Amino acid sequence: MRSATVNGKNSQRPWARNGRRRGAAMVEFAFIMPVFLTLLGVLEIGKALEASNLLSSAVREGGRLAAMDWQEVVSDGTTPNQKVIDDIKNFLAASKIPADQASVTITSAEGSDEGQTFDLADPANKLRLFRITASIPFSAVSTFPSNFMNGQTITASLVFRTGGSLTSGS
C-alpha cells in the first residue's frame, strides 16, 4: 500500500486525520440500533406467545379433568376445584412458568350465577358450563427486564361442561 502525505507526515490512513470519518460510527449505530431493538422485541413477543400457548394447554388439561368423572383421581381431603387448580399449576411449573405467580379461577359460565365461583363437587352443577381462567403477569415470563409490556397480563380461558359417570346413579 502506498503511503500518503498529510501535513508533511506519512500516513497509512489519510482519511482518519482529515475529519471526513468523524461521526461515521454514530451514523452506523443509528442504522443498526433499530434492527437490534426490533430483534429484541420479536424475542419478547415470542416469549409472550409461548407463555400464552402453555397457559392454554394447562387450562385445557385441567378442564379435561374437571369435565370427567374425577371421583377416583381426587384424594381425600382435596376438593375437585383444588385438584384442578393444583394440576394446572403443576403443568405450568413443569413448563418452566412460575406457577406461584399464576392465578387460576373456576367460575360458572352460564345462568344467573355466571362469573361466580363454580363448585365442581356440587351435584346440582352436573352438565353445566364452567370457565377455567389462568393468568400470569408478563414480567414473570419476560426474558429481558424491559418496560415494553410492563403491567400486561397473559390470560387463557376456556369453557367446559361438567360430566360425570353415567353409572353413578344420578
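Read-outs: derived from the displayed coordinates by stated rules, not from any lab. This one's a predicted model, so the numbers in the text were calculated from it and none came from an experiment. Cβ sites come from the backbone with ideal geometry, for glycine too, and all protein chains shown count toward neighbours.
If you take every residue apart from residue 106 with its C-beta less than 9 Å away from the C-beta of residue 106, what net charge results, scoring Lys and Arg +1 and Asp and Glu -1? Walk me through the intermediate numbers first.
Working: positive: 131; negative: 119.
Residues close to residue 106 contribute a combined charge of 0.
Nearest 0.05, what FRET efficiency do residue 94 and residue 121 give at R0 = 25 Å with Cβ-Cβ as r?
That gives a FRET efficiency of 0.45.
Sequence neighbours fewer than 8 away in the same chain don't count; with that in mind, list the aspartates and glutamates whose C-alpha is under 17 Å from residue 96.
Output for residue 96: 44, 50, 61, 86, 87.
Quick one: grab the alpha carbon gyration tensor of the range 34-170, order the square roots of its eigenvalues as a ≥ b ≥ c, and give me rounded if a/c is under 1.5, else prolate or oblate depending on whether a/b is larger than b/c.
Judged from the Cα gyration tensor, the range 34-170 comes out prolate (a/c at least 1.5, a/b above b/c).
Quick one: dipole size for the range 25-138, taken about the Cα centre, charges +1 on Lys/Arg Cβ and -1 on Asp/Glu Cβ, in debye to the nearest 20.
220 debye
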